Amino acid sequence: MLKGKTVMITGASSGIGAATARYAAAQGAAVVLMARRKDKLENLAEEITAAGGRALPCPGDVTSDEDVRRVVDRAVDSFGSLDAAFNNAGWGTAGTRLHELPDDVYDRIMDVNVRGGWNCLRHQIPAMLAAGSGGSIVNTSSTAGQFATGAVAPYVAAKHAVIGLTRAAAAEYGDRGVRVNALVVGTTRTELMEEVVRRFPEVETHGVARAIQRRMADPLEIAQAAAWLLSDQSSFVTGAAVPVDGGCSAV
Ligand SMILES: NC(=O)c1ccc[n+]([C@@H]2O[C@H](COP(=O)([O-])OP(=O)(O)OC[C@H]3O[C@@H](n4cnc5c(N)ncnc54)[C@H](O)[C@@H]3O)[C@@H](O)[C@H]2O)c1
């Protein structure tokens with residue numbers, strides 16, 4: 001599905017990002033792995049290489065414009081172009097009401113989910129335009145990006161913003177061959193979710209109850225949808241917020 005493409009993946013050290021890195025590499029992509037935890041990225045790159053794939057670990061923080069620029073440059077220098085990007089790094093929490101939430105939590109949520117995605121878009125798009133062959137970008141939003149969920153308010157706001165950025169970027173670059181879509185991810189069994197559920201067990205019950213399929217997703221189920229959007233198989237899909245949520249947003 002992704003043969004010959006270079007795909008940058010942020011938040012690649014665990015959860016949905018790591019699952020997408022494995023799946024995209026198995027589908028033929030050279031994957032450029034970005035996250036802050038160097039050891040985890042190196043281990044994942046080794047695993048992918050041992051399975052016959054191509055992977056480049058690039059430690060960095062998406063909230064740093066300089067780090068993101070460096071990773072995009074390394075992708076182009078190492079593999080010749082940047083064809084697709086999965087802007088997936090994110091963070092959130094639950095269980096605290098708006099008036100009790102400390103400012104530093106608000107700042108971290110906005111920085112990672114919104115500024116991080118913004119940094120990625122503004123370096124990835126020029127790299128794709130320079131190559132002349134366009135590209136496909138997928139940003140990770142959430143059901144919290146479409147309505148209020150059990151997550152904290154700034155996370156709901158941030159994931160709404162991810163969809164706004166996605167639509168704006170899709171509108172600005174659609175005529176130049178760059179597609180931009182958002183994944184509306186439902187409750188998925190990852191490190192982030194395990195940490196939230198450990199502190200607030202009701203989040204699992206609530207998430208599972210809201211999904212028509214009455215379960216959490218496995219990260220691979222999100223990875224498969226991401227890979228389709230990153231690939232040319234979704235060539236007439238842009239500016240979309242695609243639910244992969246077990247039917248949660250249908251009811
Ligand atoms: N798990 C769920 O139920 C769920 C539901 C909806 C949306 N999401 C979204 O899916 C995405 C992936 O989350 P996950 O569930 O796989 O969680 P996870 O914690 O397993 O993965 C998040 C990844 O982002 C990385 N990351 C965090 N801050 C970063 C930063 N500043 N710079 C670079 N990397 C950073 C982490 O190191 C990790 O690799 C996030 O955007 C999250 O908001 C998750």
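The values are calculated or read from the model by the stated rules, or taken from the named source; none is laboratory data. What you are looking at is a predicted structure, and each value in this text was computed from that prediction instead of being measured. Here Cβ is always computed from backbone atoms with ideal geometry, including for glycine, and neighbour counts include all displayed protein chains. Protein only, heavy atoms only, side chains kept; ligands, DNA and RNA dropped before computing areas. Shrake-Rupley method; radii C 1.70, N 1.55, O 1.52, S 1.80 Å.
Taking helices (runs of 4 or more DSSP H) as the structural unit, no element lying wholly within the range 104-199 holds at least 2 residues that are among the β-branched types (V, I, T), within 15 Å of the ligand (Cβ to nearest atom) and open to solvent by 30 Å² or more (accessible area, probe 1.4 Å).
When only residues in the range 26-43 that are within 11 Å of L56 (Cβ to Cβ) and not β-branched (V, I, T) count, which is most open to solvent (accessible area, probe 1.4 Å)? Working first, answer last.
Initially, the range 26-43 is screened for residues within 11 Å of L56 (Cβ to Cβ), giving 30-34, 41-42.
Filter again for not β-branched (V, I, T), leaving 30, 33-34, 41-42.
Working: A30: 1, L33: 0, M34: 1, L41: 0, E42: 68 Å².
This residue is E42.
When the range 214-229 is limited to residues that are within 11 Å of the ligand (Cβ to nearest atom) and farther than 16 Å from A240 by Cβ, the one that is surrounded by the fewest Cβ atoms within 10 Å (Cβ to Cβ) turns out to be D218.
Taking the conditions exactly as written (in contact (Cβ under 8 Å) with a residue 12 or more places away in the chain, closer than 26 Å to T188 by Cα and in contact with a Ser or Thr (Cβ under 8 Å, 6 or more places away or on another chain)), does N119 satisfy them or not? Spell out how you get there, then give the answer.
On the way: in contact (Cβ under 8 Å) with a residue 12 or more places away in the chain: yes; closer than 26 Å to T188 by Cα: yes; in contact with a Ser or Thr (Cβ under 8 Å, 6 or more places away or on another chain): yes.
It is true that N119 is in contact (Cβ under 8 Å) with a residue 12 or more places away in the chain, closer than 26 Å to T188 by Cα and in contact with a Ser or Thr (Cβ under 8 Å, 6 or more places away or on another chain).
When restricted to residues that are crowded, with 17+ Cβ neighbours inside 10 Å and among the polar types (S, T, N, Q), the range 74-96 contains 4. Only one entry in A241, A225, A217, A211 is of a type in the set (A, V, I, L, M, F, W, C), in contact with a Gly (Cβ under 9 Å, 6 or more places away or on another chain) and closer than 18 Å to R179 by Cα, namely A241.
Limited to the range 212-251, what total is found for residues that are assigned to a loop (DSSP other than H, G, I, E, B) and modelled with pLDDT under 95? Selection size over the range 212-251: 1.
Mind telling me which of the residues A35, A51 ends up being over 19 Å from G135 (Cα atoms), out of contact with any Ser or Thr (no Cβ under 9 Å at 6 or more places or on another chain) and of a type outside the set (V, I, T)?
Result of the check over A35, A51: A51.
Of everything listed in (1) over 29 Å from A171 (Cβ atoms); (2) under 16 Å from the mean Cα position of the chain (by Cα); (3) among the basic types (K, R), the single unmet condition for R37 is (2). What tally of residues in the range 147-203 results from selecting those that are small (G, A, S), at pLDDT 95 or above and under 21 Å from L98 (Cα atoms)? The number of residues fulfilling the criteria is 4. In the range 1-17, what residues are within 14 Å of the chain's Cα centre (by Cα) and open to solvent by less than 10 Å² (accessible area, probe 1.4 Å)? Within the range 1-17, V7, M8, I9, T10, A12, G17 meet the criteria.
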